[in-house]
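In what follows, a single structure is set out as structure tokens and then discussed.
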Amino acid sequence: MTCRKILITGASAGLGAGMARSFAAKGRDLALCARRTDRLDELKAELWQRYPNIKIAVAALDVNDHEQVPKVFADLRGELGGVDRIIVNAGIGKGAVLGSGKLSANKATIETNLVAALVQIESALEIFTKAGAGHLVLISSVLGNTGVPGVKAAYCASKAGLRSLGESLRAEYAKGPIKVTVIEPGYIESEMTAKSTSTMLMVDNETGVKAMVAAIEREPGRAVVPRWPWAPLVQLMRVLPPQLTKPFA
Ligand SMILES: NC(=O)c1ccc[n+]([C@@H]2O[C@H](COP(=O)([O-])OP(=O)(O)OC[C@H]3O[C@@H](n4cnc5c(N)ncnc54)[C@H](OP(=O)(O)O)[C@@H]3O)[C@@H](O)[C@H]2O)c1
């Protein structure tokens, strides 16, 4: 199925904005949301100039405002005249060493990347159930396959939780009508990686987004991107004893 109307959360920067550019180039209609609407407006203007025939709707959304999520999704769906793919992409990479007394950074990461993702999932399922079809895409991470020492502990947990929700959804909708894809990116250049202490084997934004979009278009249950070298590394991450996971931190 080619999805023609795509909603992306966290579309104001990084991978979300990159995916928007890539899907626009394929002629798809877009619903884009994030907190920074100035960025969304700039992106919309840029895309409309290049692709005047596509529809683009933008909206302010803080995914941690749980009541707003279904409302904004419904409004964007109304503006586009339907949505057949929703990409749960909004995320943060805050974090502190466990036991350092800085609960707030870790809590914020789990709230945004996992709890708010659950809210987005529920809102997406409501739309797709009514429509009788749809493709739900969850942006997890290769780090969802392991735990690491240091500041990325809560981030790993949030992405493992999201991956697990994706697996449950794939079981729930094994016979349709909703397709579910979990994308597990390795390090890709973005605002988040610019702030990160370690970004092993990072690829540039265009290369990483190209791999993500190609995987999303295939609609598999799960995809590690870029496939090389991350697919074999993920196998390793899953079996490594915890004391050997530091290189991934
Ligand atoms: N880059 C990587 O190497 C990498 C690897 C694996 C997974 N990922 C995942 O990919 C996704 C995108 O990350 P990125 O690298 O593109 O990061 P980024 O450049 O920091 O962009 C994050 C996006 O999420 C949005 N966002 C953050 N908090 C939000 C909130 N409370 N409500 C709504 N939107 C929010 C931001 O928009 P506003 O600030 O405007 O709200 C921004 O558009 C994340 O889920 C991340 O965990 C990234």
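Need one word for region 56-128: rounded, prolate or oblate. Basis is the Cα gyration tensor (sqrt eigenvalues a ≥ b ≥ c); a/c below 1.5 gives rounded, then a/b vs b/c decides.
It comes out prolate by the Cα gyration axes.
Once the other residues with Cβ under 11 Å from the Cβ of residue 131 are scored (Lys, Arg +1; Asp, Glu -1), what is the net sum?
For residues surrounding residue 131, the net value is +1.
Please find the FRET efficiency linking residue 191 to residue 133, where r is the Cβ-Cβ separation and R0 is fixed at 30 Å, and quote it to the nearest 0.05.
Details: r = 33 Å, r/R0 = 1.11.
Here the calculated transfer efficiency is 0.35.
Work out the FRET efficiency for residue 206 and residue 41 from their Cβ-Cβ distance, taking R0 = 30 Å, and round it to the nearest 0.05.
0.85
Specify the angular offset, from 0 to 90 degrees and rounded to the nearest 10, of the alpha carbon long axis of helix 14-25 from the longest principal axis of the alpha carbons in the chain.
So the helix axis and the longest Cα principal axis differ by about 30 degrees.
Under a point-charge model restricted to the Cβ atoms of Lys and Arg (+1) and Asp and Glu (-1), what is the dipole moment magnitude of region 1-103 relative to its Cα centre, in debye to the nearest 20?
Result for region 1-103 is approximately 340 debye, rounded to the nearest 20.
Whole number in Å², please: accessible area per residue of region 13-166, 1.4 Å probe, ligands, DNA and RNA not counted.
41 Å²
Roughly speaking, what is the centre-to-centre gap between region 55-89 and region 94-125 when only Cα atoms are used, to the nearest Å?
Region 55-89 and region 94-125 have Cα centres separated by 20 Å.
Counting only protein chains, not ligands or nucleic acids, how are 200, 212, 1 ordered by accessible area (probe 1.4 Å), most first?
1, 200, 212
Along the positive direction of the dipole of the chain (beta-carbon charges: Lys, Arg +1; Asp, Glu -1; about the Cα centre), which of 201, 81, 124 reaches farthest?
Going by the charge dipole, the pick is 201.
Quote the relative contact order of the chain in percent (integer), defining contacts as alpha-carbon pairs under 8 Å separated by 6+ residues.
Numbers: 482 pairs, mean separation 45.6, N = 249.
Dividing the mean separation by the residue count of the chain yields 18 percent.
Using only the alpha carbons of the chain, what is the convex hull's orientation-averaged projected area in square nanometres?
Averaged projected area of the chain's Cα convex hull equals 12.7 nm².
With Cβ to Cβ distances under 15 Å as the rule, what net charge do the other residues near residue 218 carry (K, R +1; D, E -1)?
Numbers: positive: 26, 85, 170, 179, 210, 222, 227; negative: 184, 217, 219.
Surrounding charge for residue 218 is +4.
With a 1.4 Å probe and every protein chain kept in, tell me what percent of the accessible surface of the chain is carbon plus sulfur.
Numbers: 6240 of 11530 Å².
Here it works out to 54 percent.
Counting only protein chains, not ligands or nucleic acids, how are 48, 230 ordered by accessible area (probe 1.4 Å), most first?
Accessible-area ranking of 48, 230, largest first: 48, 230.
Which of the listed residues, 160, 178, 190, is farthest toward the dipole's positive end in region 143-195, when Lys, Arg count +1 and Asp, Glu count -1 at the beta-carbon?
178
Let me have the relative contact order for region 126-249, percent, based on Cα pairs under 8 Å that are six or more residues apart.
It comes to 31 percent, rounded to a whole number.
Of 100, 158, which has the most accessible area with a 1.4 Å probe, and how do the rest follow in descending order?
Ranking 100, 158 by accessible area, largest first, yields 100, 158.
Amide H of residue 182 versus every other amide H placed in the peptide plane: which residues, excluding those fewer than 5 positions away on the same chain, fall under 5 Å?
Residues meeting the amide H criterion: 138, 222, 223.
Hey, can you grab everything whose amide H is under 5 Å from the amide H of residue 56? Only 5+ residues off in sequence or another chain; H modelled, so Pro and N-termini drop out.
30
Between rounded, prolate and oblate, where does region 152-221 land on the alpha carbon gyration tensor, with a ≥ b ≥ c its root eigenvalues, rounded for a/c under 1.5, else prolate if a/b exceeds b/c?
Oblate, because a/c is 1.5 or more while a/b does not exceed b/c.
Once both labels are modelled 7 Å past Cα along the beta-carbon direction, what's the residue 98-residue 198 spacing in nm?
1.7 nm
How far apart, in nm, are the 7 Å Cα→Cβ label points at residue 235 and residue 49?
Here the answer is 4.6 nm between the modelled labels.
Please work out the Cα center distance from region 219-247 to region 126-168, rounded to the nearest Å.
15 Å
Please report Rg (one decimal) and Dmax (integer) in Å for the Cα set of region 72-185.
15.3, 49
Return the tail of the calculated pair distribution for region 1-99, meaning the percent of Cα-Cα pairs more than 22 Å apart. Before the final figure, lay out each step's value.
Working: 1185 of 4851 pairs.
When every Cα pair of region 1-99 is considered, 24 percent fall beyond 22 Å.
Tell me the mean residue ellipticity at 222 nm calculated for the chain from its helices only (DSSP H runs of n ≥ 4, each -39500 (n - 2.57), averaged over every residue, nearest 500). Don't skip to the answer; put the middle values down first.
On the way: 9 runs with 115 residues, N = 249.
After summing the helix terms and dividing by the residues of the chain, the value is -14500 deg cm²/dmol.
The values are calculated or read from the model by the stated rules, or taken from the named source; none is laboratory data. Being a predicted model, the structure only gives us computed values, none of them experimental. Note: ideal-geometry Cβ built from the backbone for every residue, glycine included; neighbour counts use all protein chains shown. Just so you know, the surface numbers come from the protein's heavy atoms only, side chains and all, with ligands and any DNA or RNA stripped out. Shrake-Rupley method; radii C 1.70, N 1.55, O 1.52, S 1.80 Å.
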